[in-house]
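Here is the structure we will look at.
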Amino acid sequence: MTDCKLCSLEEYLKLIEHEEITYAQPHKPAIPGHVLMIPKQHVAIIEQIPDEEFGKMMVQANKVSMALFESLQAQGTNIIIQNGISAGQKDPHVCVHVIPRREEDGLNFLWVPKTLNEEEMSTIELRIKENLTVQLKPKEVEPPKPEKVTDDYLLKQLHRIP
Amino acid sequence: MADMSPEQVEELKEKLKNMSPEELREFQKKQCIFCHIVAGRAQAKKVYEDEHCIGILDINPANPGHVLLLPKEHYAIMPQIPDKEIMHLGITAKKLSHALLRALHADGTNIFIANGVVAGQKAQHFMIHIIPRKEHDEVGIDIPEKLLSKQQLQQVKQHILPSIAKSLGARLQEQPVAVEQVSPKEQSAVPAPRHEPREVVIEDTPRKAQPKAPKKEHPKKDQTKDEDVTLDDIADLLGGS
Ligand SMILES: [Zn+2]
Ligand SMILES: [Zn+2]
């Protein structure tokens, strides 16, 4: 997609291309050393990436994180994926953030915990379990069919990004 | 640990120091609540389980449906985990993300990993957070943006790229561009390609991350050496945060 900032890399400084991924620094990083992993192929949400490829991205994210530990003597790292606008995704193109951390770096990704009662927790547990059973079972019998409803909604939202 | 006397703490520290890596791992497992959950000795709302990992509901969720995906094996941080296992965890995280989108009608998900206390890691057992998101839910995982100059970006690039390439097993196609901080004398005398082999050699003896390492003085002549530049120095480029 020509109007996609992650395809054009116009706001990124490319570090290296390796296999299916471009590694780049955002011009506006959270902190110096912030690396973005951008699939070369334009994909909007992680549900569109084949399982194996996504698993490999996580392996590579760990390798980038290790490199930041080593080259920057980082004391920690965060690996963050924002999947969908409400999750903070800014461009309709999947990316993985790898961010070096140190004490008092001014970053804070921590959330305030929400309180749920036992019944609410149990309801959620059941709903997720049911969904996973549905999701996992058919795959053993037939090739996976992408589930449309939520994905379409997510994609539509992303296309609203100017 | 909170209710131990200083003497007891010292005693424990001494004991830990003398442990073999295997003993230390066993000790950590015994102390680890998530290992107890994996073994079924502690309660949790388990939504997923296979041979290698389990997914449980976080009891202090960022949002309802916040899942913690844990390897069954005890690892403190991600760099300790074999690639094959990370691959499996990644694929499972994706499945769980998909399940949250559908089961809870979430608008999106965050997949979040913290390596190290400074990154927000709270438990000694590695985990991947999968957090369902809805519009205006005020979960604070926003990634801030700071503008860096081209020169600053180039300097960071020159510093991290050789490590990243080596870690990925990738070949460097382009050389890091020399920046102005490099003294003019060095810059003209040393052709850029010399950087690569030298840095690769340095990386054969990887350094451990040193918490609270005192800030070192950097004599001018050493500024071309990457190993003298720390994250602190690079952060200093911003003039404080
Ligand atoms: Zn794109
Ligand atoms: Zn454990």
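The values are calculated or read from the model by the stated rules, or taken from the named source; none is laboratory data. In this text, all values refer to a predicted model and were calculated from it rather than measured experimentally. FYI the Cβ positions are ideal-geometry reconstructions off the backbone, even for glycines, and counts take in every protein chain you see. Calculation scope for accessible area: heavy atoms of the full protein, side chains included, ligands and nucleic acids excluded. Shrake-Rupley method; radii C 1.70, N 1.55, O 1.52, S 1.80 Å.
Looking at A:S65, is it buried (at least 24 other Cβ atoms within 10 Å of the Cβ), more than 14 Å from ligand 1 (Cβ to nearest atom) and over 18 Å from B:I113 (Cα atoms)? The answer is no for A:S65. Selection of region B:94-121 for residues being in a helix (DSSP H, G or I), β-branched (V, I, T) and touching a strand residue (DSSP E or B) at 6+ places or on another chain (Cβ under 6 Å) yields only B:V118.
Rundown of residues vs (1) within 30 Å of B:Q43 (Cα to Cα); (2) at pLDDT below 90, yes/no style:
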{"position": "A:D105", "(1), (2)": "no, no"}
{"position": "A:T123", "(1), (2)": "yes, no"}
{"position": "A:L126", "(1), (2)": "yes, no"}
{"position": "A:Q135", "(1), (2)": "yes, yes"}
{"position": "A:P146", "(1), (2)": "no, yes"}
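A quick yes/no check of all residues on (1) open to solvent by less than 40 Å² (accessible area, probe 1.4 Å); (2) under 24 Å from A:Q75 (Cβ atoms):
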| residue | (1), (2) |
| --- | --- |
| B:K72 | no, no |
| B:A76 | yes, yes |
| B:L100 | yes, no |
| B:N110 | yes, yes |
| B:K122 | no, yes |
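B:K84: more than 7 Å from chain A (Cβ to nearest Cβ) and either within 16 Å of ligand 1 (Cβ to nearest atom) or without any contact (Cβ under 8 Å) to a residue 12 or more places away in the chain (or both), yes or no?
On the way: more than 7 Å from chain A (Cβ to nearest Cβ): yes; either within 16 Å of ligand 1 (Cβ to nearest atom) or without any contact (Cβ under 8 Å) to a residue 12 or more places away in the chain (or both): yes.
Criteria met by B:K84.
Quick test for you: out of B:A123, B:A106, B:A119, pick the one residue that is more than 7 Å from chain A (Cβ to nearest Cβ) and in contact with a Lys or Arg (Cβ under 8 Å, 6 or more places away or on another chain). Exactly one residue qualifies, and that residue is B:A106. Of everything listed in (1) modelled with pLDDT of 95 or more; (2) not assigned by TED's automatic domain parsing to the domain that holds B:C32, the single unmet condition for B:L148 is (1). Among the residues of region B:48-81, the ones that are in contact (Cβ under 8 Å) with a residue 40 or more places away in the chain, among the hydrophobic types (A, V, I, L, M, F, W, C) and within 16 Å of ligand 2 (Cβ to nearest atom) come to 7 in all. Screening B:N60 against (1) surrounded by 14 or more Cβ atoms within 10 Å (Cβ to Cβ); (2) closer than 21 Å to B:L104 by Cβ leaves a single unmet condition, (1). Among residues belonging to region A:71-111 that are open to solvent by 10 Å² or more (accessible area, probe 1.4 Å) and of a type in the set (A, V, I, L, M), point out the one that is nearest to A:T22 (Cα to Cα). Here the residue is A:I85.
Scanning region A:1-48 for residues that are assigned to a loop (DSSP other than H, G, I, E, B), surrounded by 16 or more Cβ atoms within 10 Å (Cβ to Cβ) and more than 16 Å from ligand 1 (Cβ to nearest atom) yields A:H27, A:P29, A:A30, A:I31, A:P32, A:G33, A:H34. Set side by side, the residues A:L72, A:L68, A:L15, A:L107 differ, and just one is without any contact (Cβ under 8 Å) to a residue 24 or more places away in the chain, of a type in the set (A, V, I, L, M, F, W, C), facing chain B (nearest Cβ under 8 Å) and away from ligand 2 (no atom under 16 Å from the Cβ), which is A:L15. Looking only at residues in region B:24-47 that are farther than 30 Å from A:I128 by Cβ and touching a Leu at 6+ places or on another chain (Cβ under 9 Å), the one that is farthest from ligand 2 (Cβ to nearest atom) is B:L24.
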